[in-house]
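Here's the structure we're looking at; comments come further down.
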Amino acid sequence: MALSPTNDAALLQEVDEAVRKDRLDTIMQRYGRWIIGGVLAALLAFGGYLFWSHRQDAARGEQAEELIAAFEKLGANQPRAATAELEKLVAEGDPAYRAVAQMQEANIKAQTGDLKAAAALMAKVAADTKLDQALRDLALIRQTAFEYDTLKPEVVISRMKPMVDAKDPASSWFASAAELSATAHYQLGQFDQAGALYGRIAKLPNVTKSLQSRSVQMAGMLGVDAVADRADESAEKDQKGNAAPKAAAAEKTEEAK
């Protein structure tokens, strides 16, 4: 007796499932050990990554606490105890914490009058390619400041040039780099270059008052009227600010008509 279409479909489905099961059994027999091993290896690797990440976060937290402890000891006038904390970070910390610790060690050396040792520590930070460029630039500025009296003006200008010339984006440390460079130009008798740099510093909106005051005075002495420049900029901003309300009022008058 012939099977109905429904029975044919059911039989085909059963045969297909049997074939698939047979293929799966064959694959597991041949490669099952490797498949299970691969899955276990992936799970172990993922678990290892999570553990490593947790340990890294914990280590960074510990290093932050050690750095805070060092600063607290400095605030309590305990430089030896602070130095011990900082040296531990230098030996064991990640690159960023190590750099901050070295820079603070350098500041302690400078306060004791050992500018050579202070500059050497800053030079290590400036040469560390694992660090963010902004941190390396700050270390180079501090190194140059510590060494300034022993350097030729041309060396100072060359070191600061990348930060002074940076445009897009501008260096975060432009003002400090430009002041060192302007002083070096002045020593060389390059008064136009020095005056232009002092003028640029004086026009910056977010520099300390002491630096701005020095820059205005030096720029004026060198023939650059930084005060007038700032006054012109301020007037221009005021004009722009007043133009907006006037334009709005005119627009409302037109709407009323």
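The values are calculated or read from the model by the stated rules, or taken from the named source; none is laboratory data. Quick caveat, the model's predicted, so the values are computed rather than measured. Ideal geometry is used to build each Cβ from the backbone, glycine not excepted, and the neighbour counts take in all protein chains shown. Please note that ligands, DNA and RNA were not included when accessible areas were found on the heavy atoms of the full protein model with its side chains. Shrake-Rupley method; radii C 1.70, N 1.55, O 1.52, S 1.80 Å.
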Quiz prompt | Filter result (open to solvent by 50 Å² or more (accessible area, probe 1.4 Å) and part of a helix (DSSP H, G or I)) within the stretch 186-212 | solution = Tyr186, Gln187, Phe191, Asp192, Gln193, Ala196, Arg200, Lys209, Ser210
Exercise. Kindly list the number of the only condition in (1) surrounded by 14 or more Cβ atoms within 10 Å (Cβ to Cβ); (2) under 25 Å from Lys109 (Cα atoms); (3) of a type in the set (Val, Ile, Thr) that fails for Thr150.
Key: (1)
Exercise. Of the conditions (1) touching a Lys or Arg at 6+ places or on another chain (Cβ under 9 Å); (2) part of a loop (DSSP other than H, G, I, E, B), Pro169 clears all except one; give me its number.
Key: (1)
Quiz item: Do any residues in the stretch 171-184 that are more than 11 Å from Ala145 (Cα to Cα) and free of Cβ contacts under 8 Å to residues at least 24 places away in the same chain have Cβ atoms under 7 Å from those of residues that are open to solvent by 20 Å² or more (accessible area, probe 1.4 Å) and part of a helix (DSSP H, G or I), where the two are at least six apart or on different chains, and which pairs are they?
Solution: Ala178/Arg200
Exercise. Kindly provide the set of residues from the stretch 213-236 that are part of a helix (DSSP H, G or I), at pLDDT 90 or above and open to solvent by less than 40 Å² (accessible area, probe 1.4 Å), ordered by number.
Key: Ser215, Val216, Ala219
Self-check item: Filter result (more than 23 Å from Gln133 (Cα to Cα), part of a helix (DSSP H, G or I) and open to solvent by 30 Å² or more (accessible area, probe 1.4 Å)) within the stretch 99-115
Solution: Lys109, Gln111, Leu115
